[in-house]
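Each value in this text was obtained by applying a stated rule to the coordinates, not by laboratory testing. Predicted, not measured: the structure shown is a model, and the values here were computed from it. Using ideal geometry, Cβ is built from the backbone for each residue, glycine included, and neighbour counts are taken over all protein chains shown.
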Amino acid sequence: MRVRNIIVFSLVALCLAFIPTVGSAAKGDTIVYGTTEKVSDMDTAKAYDFHTWEIFYNVYQGLLRYPAGKTNIVPGLAESYAISKDGKEYTFKLRKGLKFTDGTAFDAGVVKWSIDRVMELKGDPAWLVTDFVDKVEVVDPLHVKFILKNPVSYFPSLVASVPYYPLNPNIYPKDKLVRDPSELKGGNMVGLGPYKVVSFKRDEEVVLEANPMFYGEKPKNKRIVIRYFADATTMRLALEKGEIDFAFKSLNPADIKDLQKSTKVQTIMAQGPYIRYLCFRCAGKPFDDKVLRQAVAAAISRKPMLDKVYLGQNAPLYSMVPMGMWSHEDSFKTYPGDGNIALAKKLLKSKGYDEKNKLTFELWYTPSHYGDSEVDMAAVLKQQFDATGVMNVEVKSAEWATYRDNWTNKVMPVFLLGWYPDYIDPDNYTAAFAGTEGSRGMGIFFSDPKWDTMFNDAQKETDMKKRTAMYKKIQKMWTDEVPTAPIYQGTLYVFAQKDVKGILLSPTLQFNYGPIYRGAK
Amino acid sequence: MRNLVRYIISRTLMTIPMVLILLTIIFVVLRLMPGDPVSAMLGGHAPEKVIEQKREQLGLNRPMYIQYADYIWKVCHLDLGESMVLQQEVTEAISDKLPATIELTTFGMLITLVLGIFLGAYAADKRRTMRDSAIRLYGIVVYCIPVYWLGLMLQLVFGIWLDWFPIAGRTGARIFPSDFENTGFYLIDTLLMRDWTAFGDVLLHLVLPAFTLGLTLSGIFVRLTRANMLDVLKADYILAAESRGIGHGTIVYRHALKNAFIPILTMMGLQVALLMAGAILTETTFSWPGMGRLLLERIYLRDYPTIQGVIIVFALMVAFISLLVDIIYAIVDPRIRY
Amino acid sequence: MNYSMARGLARPIRFFAGMGRKYGVEWWILCVGALIIIAILAMAFFSPFIAPFDPYRQDAGPQLAAPGGPYLMGTDNLQRDVWSRIVFGSQTILRVSVLAAVISSFFGILLGLISGYAGGAVDRSLSLVMDAVYVFPGLILAIALAAMFGPGVLNITFAVAVIYIPTYFRLVRGQTLAIKQELYVEAARAIGAGSFTILGKYIFPNVIATTVVVFTLNVADAIMIEAALTYLGLGLPPSIVDWGMDLAMGKKYLPSGVWWLVTFPGMMISLLALGFTMLGEGLAEILNPRLLER
C-alpha cells in the first residue's frame, strides 16, 4: 500500500516535471538579461567592479555622464561646470528641482555629503576621489565646488565615475558601508537615475523598474530582470531556449563561436576597454635590460595566439592605449613588431644569447582570476618563445592571492596581467604601469624620472591637441623601453533574441538599459 | 532507555575533540598557504600602506597562537565570525548554501540505497550465475568512475544530445527562488507554496546531479548488500522458512533483506565521507550552489573564517550521521548494550 | 611451434587454468586487473614510442578535429593531439598515485606499529588524530593541502599521501594490538628480545600481508583523488600533461558537441582505477576472503 502511494506520488511529480516551464516573468515589457558576473556591494563607496557599477549607472546618475553607447561626456545631474584658471577648482551648476523618491531635495549639500562619505569610509575605490580631490565646498544650494590637490585635466571623466555619484543622505548610513539594499533606510535602492531596484536577490536576480522620479527620458522598457548564472554553459543554453532575452559577459570562446553562427540569435559586438599584456620585472636580472624586453616582445605572435586560445575572438593590441580611445597608435606594429623572430634573435645575439646559450626565464600566469583560458595562453606564449630557438621558458602559475604577493616580492620575472580601466583616459593605461609609483604597485618596478615628468605634464595639460601629442609620444617611447608588452584587447559580445532592440555597447562599459525594447523579430 | 540516553550524550561529547582536531589542522594549513585574504581581494594597484592597514584591521598581523586562541574562544561561544573578504557573517554564507548540499546528498543517497540494495539482494539471490557476475562487475566499475566524469557524460548525453534535463544550477532562468524560498530546500519550499511549475523545474534540475552522485556510490552498496545477504541466506531460519513453503521472493526480499539491513546501515555511516567528497565534485560539475563550491571559492580567496566554518559544518555532519546510525542501530538491535 | 616452446607454454597455461578452477571468478578479476595495469604501465614506460606526436606540439593537426584519421582521439583547441597527451599523461598519474600510496603506507605502517605496540598516551593521542582525519572527507583535506603546497608533482603527491595515512594506521594498529597478545610474542619477550626485534621479526611480517591488498586498493583511490584535484584546478603546472587537467580544460567545449576532450581522459582515469581495484579485490578474495566484508 505504502509502496503504491510512493509510486503514484512520483508519477504525479514526474508528470508535473514535464509540464513545460512557463516563466513567472511575463513577456512584453520585461527584458530578462543573463550574466555570469556577480554583484558586490550596493554602495558607491565600496563597489569596485564593472558589473556593480553598471547597475549604478542605471539606478543613479553622476554630475556628468556618458550617453548610451557613446564615449563623450555630457551633463548629467549638473547642467554645466566651470574650471578655475589654475585648473584646480571645478564648480558644477546643478539641475534645479530634482527630488529623491522620499522627497529629499537634491542640492549641493547632497553632493558634498556623498563625496565626503566616500572619502571617510575609505572603501576600495575611494582613491579615485582621495588621490585627486582635496575637499568639496557648497557654494550655494545649486553650486558645488571641487578643490583638487593638483590640476587634473581628465577630472570630468572621474566625476562621471561611480564613486562621485550623489546618494540620498536620508537612505544611506553616513558611517557604514552597505552591502545589500535591505540595509538602506526604506529597504529599496533608489536614486536619481532612470531605474530603481525593486527586488534584490544576491547571485540570483536583481529586478529594476523605471524610476518615476527620473528627470530625463523614460526607459523604453518597464522592467529589467538581471538573472545571474553560475556558469557560462547554462547561460548559453538558457539563451538558446529563449529563457533569457540577452546574455552579456561572459561566454566561453566555443559558445561565442557557436552563437555567432546561430540563426536564432543576433550578435552585438563592440571593442571593450579590457586589455591584456605581458609584464616584465624591470628591476634585477635579466630584464632590467631593455634589449631583452624588446626581444621577448618581438617574439609574441598575437593573431595565431588568439586563434588558438580564443578561437579567433578578441583583437590583437599593439599599444597600451586601447583601440577606440583618442591618441591610440599601433606603435608596437612597427617596432619591435609582431612575431618577429629574426629581430628577437638579433637582439638577443647582441647580448650574447644564442642557440647554445639560451635566454632562460620563468613565465607566470594565474589560473582562475582571468578565466580558465589562461593556461592555454601561457602554453601558447611558451611555445612561441621557445620557437625562436634562443629562449627557454618555464611556465609557472600561482593563485591570485599568491600572485599578488609574488609581484611585491619580486618573484616573477615575466608575468601576465589584465586591466580594466578605473576611468576612461589614456593616463589610466600608461602612468598606472610605467609611472614609478604605479609600476612598483604592479610588480613592474619601472622607474624613470623623465617618464614621471611626462606623465605629470600630460595629466595637467588641458589642451586636447597637446595632450594627444604627448600620449602619442609616450606610446612611441613604450616600444623602446617596453616595461610591458600589449597582447590583446577584449571584444564585448552580447547575444540577444531577434526581437530585442536598442542594445548599445560602448568601450567605456557604461551599459544603459533604458534604450532596450522588444520590437518585431 | 537510560543507557541509550547516556550513550547518546557521551557520543555527542566525543565529537568535540574530533572537530577540534580538524579545526586545528585546517587552521594551520590555511595560515601556511601562500597569500592571504587581503592580497586575494585586491586588484592591481593598492599602496602598501593600505595593505598593511587592512591586515591590521583583520588582525592578521597578530601572532598565530593568539589568532588561534581568539578563534577557538569565539567558536566556543558559537560565533563563527565574519568573512574576511566579504561583508558577510560566516553563518549566513553557510545557511545560504547548506540546504542545497543536503538536498543533493539526500537524493543521491536515496538513489544509491534503492539501486545498491536492490541489485545487491538480487545478485545474492542469483549467486554464482552470470547475472550475479554482471552485477558484481557493475559494482566494481561504477566505483572506479570519477564522479565528475560521470556527471559530464550524463550532461553530454541527457543534457546536450537528448536535451531531456537541464545540466546546471538548481532552477531554470525564469524560476526565481526568491518567490518561494523559505527553508532553502527548494523541493519543500515549492511544495509548501503549491507552486507546481517551480516544483517541476526544481525536480528536473535535481535529476542529473542526484543520479550522478547516486550511481557512483551505488557500487559499494551493491557489494555490501550482496555480502551480507549471502550470510543471511545461509542462516537456519531462512532454510526453515523455505521448508515451510513460504514464497522464495518473500523470503529473499522481505525476511532476508530485513536482517541484512542492520550491517548495511552501519556501513552507510562510514560512507558519509565519500558521499560528501562526491557532493563537492558533483556541485562543481553541475554548478550546484552548495557547500562544496563555497569551499573552493573561498579557498581561492583565502577567506579563513568561512573555510573554517565550512570545515566545522562538514565535521559535524559526519559526526551527526554516524551518531544517528549508531542510535538507530541501538534501537533496532536490542542485543546491543553500551 | 616446436615442441620445446609448446612445453614451455604448457606450464603457465596449466597454472592459470588451475588457479581459475581453484578460485573461480576472483582469479579472473585479478588477471584482468593486472592486465589493465600492465598495459597502462607499458604506455607510461614507452610513451615516446607509442605516441605519434609530441604531447605539447601545437601544430599537430587542425583545431578541434574529431577523432579519426591520424588523430585517434582528435585534437584540442591548441591543435595538440589528444591520444599523444593520453599516452604521456599516464606517466603523471601513475607516478603521483603509486608514490602517494608508498608514502602513506610507510608512515601509516610506522605510526600504526608504534602506536599499537607502545600503547598508553601515545596510542590514545595518535588514534584520536588519525580517527578524526579518517572519518572526515579526504578530498576536502587534500584540496586544502594542495592549495598550501602549491602546484607541482611532488606537492600533489604529498597532499594525496597525507589523507591516506590513517587508513594504514588503523589497520596496522589493530593487528599489532592483536599480535602483541600472541603466545609466541610473549615468549620472545620472556627470553629477552628487545622491542625492535619483536616489532621487526614478529609483528611486521604479519602485518605486511594484509597491507598489500589495502595498498592496491589505495592506489585506485589515490588515482581518483589526484584526478579530482587536477580537475578542480589545484595541483599541477601546465607544463605537465595530466588527464584530470585535460578533462577540466575540455569541459567548456562540451556544449559545442566536442565530446572527445572530456570522454577519453575520463575513460582512462576510470580504466586505471579499475585495474587497481580489480587487482585488489582479486587479491583480497584469494588471500583473505573476509577482508572486504568487514
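Largest GNM mean-square fluctuation among B:SER95, B:SER178, B:SER322, using chain B with Cα springs under 10 Å: B:SER178.
Pairs from the list A:LYS349/C:LYS252; A:LYS174/A:LYS501; A:LYS201/A:LYS501; A:LYS218/A:LYS472 with a Cα-Cα gap above 31 Å: A:LYS349/C:LYS252; A:LYS174/A:LYS501; A:LYS218/A:LYS472. Relative contact order, whole percent, for chain B stands at 30, derived from Cα pairs under 8 Å and 6 or more residues apart.
Per residue of peptide C:257-268, the mean number of Cβ atoms on other chains within 10 Å of the residue Cβ is 3. Spin-label model, B:MET64 to B:ASP163: label points 7 Å out along the Cα-to-beta-carbon direction sit 5.5 nm apart.
Count Lys and Arg as plus one, Asp and Glu as minus one, and take only other residues whose Cβ is under 10 Å from that of A:PHE248; the net charge is then -1.
Within the range C:65-96, list the residues whose amide N lies under 15 Å from a label point set 7 Å along Cα→Cβ of C:ILE38. Once the point is set 7 Å along Cα→Cβ of C:ILE38, nothing inside the range C:65-96 turns out to lie under 15 Å by backbone N.
Which parts of the range A:476-516 would a label at A:GLU217 reach, counting a residue when its backbone N lies under 13 Å from a point 7 Å out along Cα-to-Cβ? Flagged as within label range: A:502-504, A:512-516.
Long hydrophobic helices in chain A: the complete DSSP H runs spanning 15 Å or more by Cα along their own axis with mean Kyte-Doolittle hydropathy of at least -1.0 are A:2-18, A:108-121, A:374-387. A full extension of the chain between A:VAL139 and A:ASP330 corresponds to an added length of 64.2 nm, given 0.36 nm per residue minus the alpha carbon distance.
A straight Cα-to-Cα reach below 17 Å connects A:LYS176 with the aspartates and glutamates A:ASP41, A:ASP43, A:ASP116, A:GLU120, A:ASP124, B:GLU82, B:GLU89, residues fewer than 8 places away in its own chain not being considered. Each of A:ASP307 and A:LYS96 was given a label point 7 Å from its Cα along the Cα-to-Cβ line. The distance between the two points is 6.4 nm. Spatial offset of the range A:81-109 relative to the range A:222-280 amounts to 38 Å, using the alpha carbon center of each. All C-alpha to C-alpha distances of the range C:139-225, sorted into 5 Å bins beginning at zero, yield P(r) values of 3, 13, 19, 16, 13, 11, 10, 8, 5, 3, 0 percent in whole numbers. Could you work out the local net charge near C:ARG85, counting Lys and Arg as +1, Asp and Glu as -1, over the other residues with Cβ closer than 14 Å to its Cβ? Neighbourhood net charge equals -4. Using every pair of distinct Cα positions in chain C, the Kirkwood expression returns a hydrodynamic radius of 21.5 angstrom. Exceedance of the 31 Å cut-off in Cα-Cα distance is limited, within the set A:LYS70/A:LYS466; A:LYS96/A:LYS466; A:LYS333/A:LYS450; A:LYS112/B:LYS74, to A:LYS96/A:LYS466; A:LYS112/B:LYS74. Across the range C:51-277, the relative contact order, built from alpha-carbon pairs under 8 Å that are at least six residues apart, equals 24 percent. Against the main long axis of the alpha-carbon atoms of chain B, helix B:90-125 sits at an angle near 20°. Partner lysines whose Cα lies under 22 Å from the Cα of B:LYS126, excluding those fewer than 8 positions away in the same chain, are identified as B:LYS234, B:LYS258, C:LYS22. Between C:LEU236, C:PHE215, C:PRO62, whose Cα lies farthest towards the positive end of the dipole of the range C:51-277 when Lys and Arg beta carbons carry +1 and Asp and Glu beta carbons carry -1, centred on the Cα centre? Value: C:PHE215. Mean sequence separation of contacting Cα pairs (under 8 Å, at least six apart), scaled by the length of chain A, corresponds to a relative contact order of 20 percent.
Peptide packing for C:221-231, B:63-73, B:10-20 was compared via the average number of neighbouring C-beta atoms within 10 Å per residue; ordered from the highest value, the list is C:221-231, B:10-20, B:63-73. Between A:ASP480 and A:ASP29, full extension at 0.36 nm per residue minus the direct alpha carbon distance yields a gain of 156.9 nm. Between helix B:257-270 and chain B there is an angle of about 20 degrees, using the helix long axis and the longest principal axis of the Cα atoms.
Given R0 = 56 Å, the distance between the Cβ atoms of A:THR408 and C:GLU182 translates into a calculated FRET efficiency of 0.35.
Placing dummy labels 7 Å off each Cα toward the beta-carbon, the span from A:LYS85 to A:SER250 is 5.0 nm. Using the Cβ-Cβ distance between A:ASN357 and C:TRP28 with R0 set to 60 Å, the FRET efficiency works out to roughly 0.55. For a paramagnetic label modelled on A:LYS473 (point 7 Å from Cα along Cα→Cβ), amide N atoms under 11 Å away belong, within the range A:410-451, to A:451. The angle separating the long axis of helix C:3-23 from the principal Cα axis of greatest extent in chain C is about 60 degrees. Peptide B:274-281 has a mean of 5 when you count, residue by residue, the C-beta atoms of other protein chains within 10 Å of its C-beta. Counting Cβ atoms of other protein chains within 10 Å of each Cβ in B:159-169 and taking the mean gives 4.
Using 1/(1 + (r/R0)^6) with R0 = 30 angstrom and r between the beta carbons of A:SER368 and B:ARG55, what's the FRET efficiency to the nearest 0.05? After rounding to 0.05, the efficiency reads 0.85.
Legend: Rg and Dmax of the protein assembly as shown, from Cα coordinates, 32.8, 115 Å. A cut-off under 13 angstrom between Cβ atoms defines the neighbours of C:SER256, and their net charge, with Lys, Arg +1 and Asp, Glu -1, is +1.
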